[in-house]
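The values are calculated or read from the model by the stated rules, or taken from the named source; none is laboratory data. From a predicted model like this one, the values you see are computed outputs, not experimental measurements. Please note: Cβ atoms are built from the backbone with ideal geometry, for glycine as well, and neighbour counts cover all protein chains shown. Each accessible area value is taken on the protein alone, full model and side chains, heavy atoms only, with ligands, DNA and RNA left out. Shrake-Rupley method; radii C 1.70, N 1.55, O 1.52, S 1.80 Å.
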There are 2 protein chains.
Amino acid sequence: MVETSRHRVVIVGGGFGGLYAARRLGSAPDVRVTLVDRRNFHLFQPLLYQVATGALSPGDIAQPLRSILRRQRNTTVLLGEAVGLDAERREVLLSDHGPLPYDTVIVATGARFSYFGHEGWASVAPGLKSVDDATEIRRRILIAFEAAERERDPARRREWMTFVLVGGGPTGVELSGALGEIANDTLRNDFRSIRSPDAQIVLVEALDRILPSYPADRSASAQRQLERLGVQVRTGARVVHVDDRCVRVQTTEGAEEVIPTRTVLWAAGVLASSFARHVAERLGAETDRAGRVMVGPDLSVPGHPEVFVVGDAAVMPWRHGRSVPGVAQGGIQGGSYAARTVLRRLHGDPVPPFRYRDKGDVAVIGRLSGVTNIGWLGPFGRQGGFTAWLLWLGIHIVYLIGFANRIVVVTRWGWSFLTKGRSTRLITGHPLLPPIEDPAPPATAPPADQEAMGQDAISR
Amino acid sequence: MVETSRHRVVIVGGGFGGLYAARRLGSAPDVRVTLVDRRNFHLFQPLLYQVATGALSPGDIAQPLRSILRRQRNTTVLLGEAVGLDAERREVLLSDHGPLPYDTVIVATGARFSYFGHEGWASVAPGLKSVDDATEIRRRILIAFEAAERERDPARRREWMTFVLVGGGPTGVELSGALGEIANDTLRNDFRSIRSPDAQIVLVEALDRILPSYPADRSASAQRQLERLGVQVRTGARVVHVDDRCVRVQTTEGAEEVIPTRTVLWAAGVLASSFARHVAERLGAETDRAGRVMVGPDLSVPGHPEVFVVGDAAVMPWRHGRSVPGVAQGGIQGGSYAARTVLRRLHGDPVPPFRYRDKGDVAVIGRLSGVTNIGWLGPFGRQGGFTAWLLWLGIHIVYLIGFANRIVVVTRWGWSFLTKGRSTRLITGHPLLPPIEDPAPPATAPPADQEAMGQDAISR
């Protein structure tokens with residue numbers, strides 16, 4: 001029964017790259033596919049910020065890998081963590097499992113945000129990559145408003161109502177836009193002692209503009225739209241210190257500024273997954289500064305045609321000496337290409353080099369607005385505001401996996417659109433507020449925006 | 001601005017009892033309401049087992065308390081944990097907050113399952129009361145199938161594929177029915193080495209029949225329906241030992257049986273919340289064996305007309321010397337009654353005693369079947385099978401809070417109904433399997449139901 005004649009493909013990672021590779025190989029009778037992931041589900045990462053901001057539930061944007069791939073009889077899904085590659089024996093080593101032999105391995109383990117050597121900041125300023133990150137960030141955002149509601153000291157209340165987002169890429173822009181919406185609309189009538197629109201939302205970007213991968217006029221449009229939502233955009237500002245009370249930034253002129261805050265969210269930098277960096281080291285492959293593997297024109301590691309690296313874990317060649325950007329399409333196209341290449345080689349067909357087709361970028365900024373940069377649509381591809389928002393909506397629904405998820409997401413969006421509500425803003429995990437820091441300075445007068453009713457209800 | 005003339009009502013707990021009390025008081029201009037809960041959301045507990053079994057997301061059955069009560073200008077929601085009652089000073093003491101003064105307090109803190117003095121069993125056999133319990137139970141169920149899929153030793157594989165549910169009340173019945181569905185339908189094509197329908201699901205009940213609050217013929221009908229789903233029902237079996245490898249039960253005849261299993265879920269016994277027990281102790285009020293407070297005909301504590309206890313935290317009088325059962329309706333009607341009583345007293349109106357209106361019970365058993373016991377419908381109120389299932393569906397949709405949630409739940413149910421799928425079966429939190437217990441006994445032959453393909457993919 002054991003068919004050793006079939007070509008064994010091991011795919012590490014069930015994100016866009018790994019999943020699209022597995023699907024492409026699903027109908028091939030002469031390969032046997034094993035997909036390994038630490039999680040049992042595929043996560044639609046472009047919408048993860050909506051989980052972090054209470055607009056969607058984790059289950060709305062995730063789908064079990066076994067369920068997606070159940071009809072592929074040549075495919076096995078394995079829950080496990082890849083920790084090593086033995087290139088001589090052609091085995092992937094798992095943390096809690098026997099070795100997994102391969103004829104071809106496709107590494108699609110992605111990347112995470114980078115703290116530029118300050119890993120200690122991670123506990124204070126979580127990044128948004130996993131479902132657990134998203135529910136933790138959601139908890140922190142909601143707890144901050146709860147703490148502000150009952151805080152009597154105006155300085156500390158200000159800290160709780162200040163949110164700093166580090167990194168002006170798509171994640172930082174979308175998160176800060178959603179935060180602006182939460183403060184201005186969603187929570188507007190929820191509290192009695194604070195006015196949620198008084199929240200300060202600060203987006204910090206070290207480069208001279210946000211969305212640096214977009215054309216300059218799109219960056220300017222995004223900044224204007226964010227500012228309309230009350231978000232303060234600080235470009236040319238590098239974070240030099242983070243702790244649980246403040247963020248310190250340095251401008252390009254060298255001036256330093258301290259922003260007192262209790263909530264810092266991190267969406268800056270790129271660091272390839274540790275498995276991808278391990279693979280590069282074991283194979284002696286070159287990497288860029290972020291640890292991403294430099295792959296050849298066929299997305300395999302030079303000298304190791306049996307090892308592909310795709311998506312965010314790789315530096316995939318594009319045009320004009322640039323590499324493919326770290327977006328979902330990079331994973332989707334890279335994974336599909338690697339799978340097709342495996343089949344072409346098996347059948348002795350010629351293998352054309354990887355060609356990335358830029359489908360364009362869309363980022364949404366709060367409610368009813370956004371920016372697009374879609375080259376192949378010509379002038380129409382550079383939209384802002386409502387048109388961008390509509391395009392974004394359509395694209396995300398089309399790519400979202402799972403029919404029920406599509407309906408659920410459309411329902412939640414429709415309802416949020418009508419009511420400005422966000423129904424999934426639950427505080428789960430450790431539920432309680434940090435203890436009140438007593439005593440409040442007795443000389444302090446109650447802040448002007450505090451209603452006596454709420455104040456009195458909290459403490460006499 | 002501080003209006004000391006208004007009657008201050010503090011409600012502890014945002015479940016059915018607390019929420020319906022707060023809503024009833026919402027339009028009263030002469031009271032000021034503070035609702036305290038450890039969580040920022042109201043949870044629709046009757047559907048929590050569907051979260052634990054991957055059919056719904058937590059966000060689908062929860063709604064932020066602030067959002068539900070935002071229009072009630074006389075109401076403040078406070079995130080905090082009530083830890084004490086000072087009856088002399090009329091203050092509720094909070095764990096991380098100043099004291100909360102009241103003129104009337106409504107205690108609606110509910111109950112949890114009881115381990116009958118074996119609190120150590122709780123970590124091995126979690127109960128289903130909170131969202132975090134539900135995602136943890138979901139994780140354990142899914143991890144058990146994953147572990148079985150890669151386990152080569154048949155005895156250990158059997159342990160992973162055995163699920164023991166303790167307690168034959170509605171929660172135990174609905175959970176075991178859902179597990180039967182998961183094993184028979186949802187996961188049927190997901191695995192390569194195991195056959196999910198081979199899972200053993202054992203429902204253990206110490207009394208002589210399941211659903212003891214229903215008439216005997218309804219219990220028998222529920223048992224038949226469960227057995228049709230492959231659930232083994234053991235009545236008259238008391239659990240005497242639980243650890244991470246087995247459950248030991250004793251029959252009424254005194255015989256002992258060991259059920260080897262890795263997954264034990266607990267849905268037996270009742271223990272009033274610690275706050276309710278504290279209140280009883282401080283006021284010298286009587287309690288039943290479960291620690292629930294014996295309240296008078298107006299649901300207040302005898303001798304303390306300003307302290308109401310409602311819902312699962314109380315023994316609310318009903319008829320024929322029986323008390324109101326621990327169901328959602330008990331909380332809903334008790335909370336509303338306490339609120340109306342507060343207003344009647346304020347206005348000098350006569351206060352009639354609490355009268356529970358039994359609206360009947362419905363339990364669902366897997367897909368398309370269930371049992372009902374609805375007295376006021378006459379003979380039609382005693383249904384089984386599909387009619388019961390339809391009734392259950394309608395009732396739960398009507399009582400579910402939040403319009404978007406209703407649509408989302410109907411969508412997910414409709415989709416599950418058509419596909420037999422459960423789209424939210426995510427393993428979150430600690431993701432990985434327990435380490436493989438090596439070495440597998442070398443003398444053991446591979447089990448007959450093991451496909452060579454999966455086997456080979458896992459380890460050579």
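For segment A:185-218, which residues satisfy the criterion of being free of Cβ contacts under 8 Å to residues at least 24 places away in the same chain and small (Gly, Ala, Ser)?
If the condition is that a residue be free of Cβ contacts under 8 Å to residues at least 24 places away in the same chain and small (Gly, Ala, Ser), then A:ALA216 is the only one that fits.
Just give me the residues in segment A:70-96 being within 14 Å of chain B (Cβ to nearest Cβ), open to solvent by less than 30 Å² (accessible area, probe 1.4 Å) and either in a loop (DSSP other than H, G, I, E, B) or small (Gly, Ala, Ser) (or both), in sequence order.
A:GLN72, A:ASN74, A:GLY80, A:ALA82, A:ASP96
Looking at (1) touching a residue at least 40 places away in the same chain (Cβ under 8 Å); (2) over 27 Å from the mean Cα position of the chain (by Cα); (3) within 30 Å of A:LEU346 (Cα to Cα), which is the only condition A:GLU91 fails?
Exception for A:GLU91: condition (1).
Yes or no, residue by residue, for (1) of a type in the set (A, V, I, L, M); (2) farther than 18 Å from B:PRO215 by Cα; (3) buried (at least 21 other Cβ atoms within 10 Å of the Cβ):
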residue: B:ARG355; (1), (2), (3): no, yes, no
residue: B:VAL364; (1), (2), (3): yes, no, yes
residue: B:GLY370; (1), (2), (3): no, no, yes
residue: B:TRP376; (1), (2), (3): no, no, no
residue: B:ALA388; (1), (2), (3): yes, no, yes
residue: B:ILE395; (1), (2), (3): yes, yes, no
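Has segment A:265-281 got at least one residue that is within 16 Å of A:ILE201 (Cα to Cα), surrounded by 19 or more Cβ atoms within 10 Å (Cβ to Cβ), modelled with pLDDT of 95 or more and not small (Gly, Ala, Ser)?
Scanning segment A:265-281, I find at least one residue that is within 16 Å of A:ILE201 (Cα to Cα), surrounded by 19 or more Cβ atoms within 10 Å (Cβ to Cβ), modelled with pLDDT of 95 or more and not small (Gly, Ala, Ser), so the answer is yes.
Could you tell me which of the residues B:VAL410, B:VAL301, B:VAL327 is open to solvent by 20 Å² or more (accessible area, probe 1.4 Å) and at pLDDT 85 or above?
B:VAL327
The conditions are (1) among the acidic types (Asp, Glu); (2) within 12 Å of chain B (Cβ to nearest Cβ); (3) buried (at least 24 other Cβ atoms within 10 Å of the Cβ); (4) under 18 Å from the mean Cα position of the chain (by Cα), and A:GLU149 fails exactly one of them. Which is it?
Result: A:GLU149 passes all but (4).
Within 19 Å of the chain's Cα centre (by Cα), more than 9 Å from chain A (Cβ to nearest Cβ) and hydroxyl-bearing (Ser, Thr, Tyr), is that true of B:SER27?
no
Can you pull out every residue in segment B:367-407 that is within 14 Å of chain A (Cβ to nearest Cβ) and part of a loop (DSSP other than H, G, I, E, B)?
Hits for segment B:367-407 are B:LEU400, B:ILE401, B:GLY402.
Of the residues B:GLU159, B:GLU174, B:GLU136, only one is among the charged types (D, E, K, R), in contact (Cβ under 8 Å) with a residue 12 or more places away in the chain, away from chain A (no Cβ under 14 Å) and within 17 Å of B:TYR49 (Cα to Cα); which?
B:GLU174
Determine which single condition B:GLY335 fails, assuming it passes every other condition in (1) surrounded by 21 or more Cβ atoms within 10 Å (Cβ to Cβ); (2) under 16 Å from B:ALA108 (Cβ atoms); (3) within 18 Å of the chain's Cα centre (by Cα).
(3)
Within segment A:46-69, count every residue that is over 30 Å from A:VAL173 (Cβ atoms), part of a helix (DSSP H, G or I) and of a type outside the set (D, E, K, R).
Counting residues in segment A:46-69 that are over 30 Å from A:VAL173 (Cβ atoms), part of a helix (DSSP H, G or I) and of a type outside the set (D, E, K, R) gives 1.
Filter segment A:43-68 down to the residues that are closer than 25 Å to A:HIS7 by Cα and more than 9 Å from chain B (Cβ to nearest Cβ), then identify the one that is most open to solvent (accessible area, probe 1.4 Å).
A:ILE68
Given the conditions (1) more than 14 Å from B:GLY17 (Cα to Cα); (2) not in a helix (DSSP H, G or I), report the number of the one that B:PHE308 does not fulfil.
The one condition B:PHE308 does not meet is (1).
Within segment B:5-33, which residues are in contact with a Phe, Trp or Tyr (Cβ under 8 Å, 6 or more places away or on another chain) and either open to solvent by 20 Å² or more (accessible area, probe 1.4 Å) or among the polar types (S, T, N, Q) (or both)?
B:ARG8
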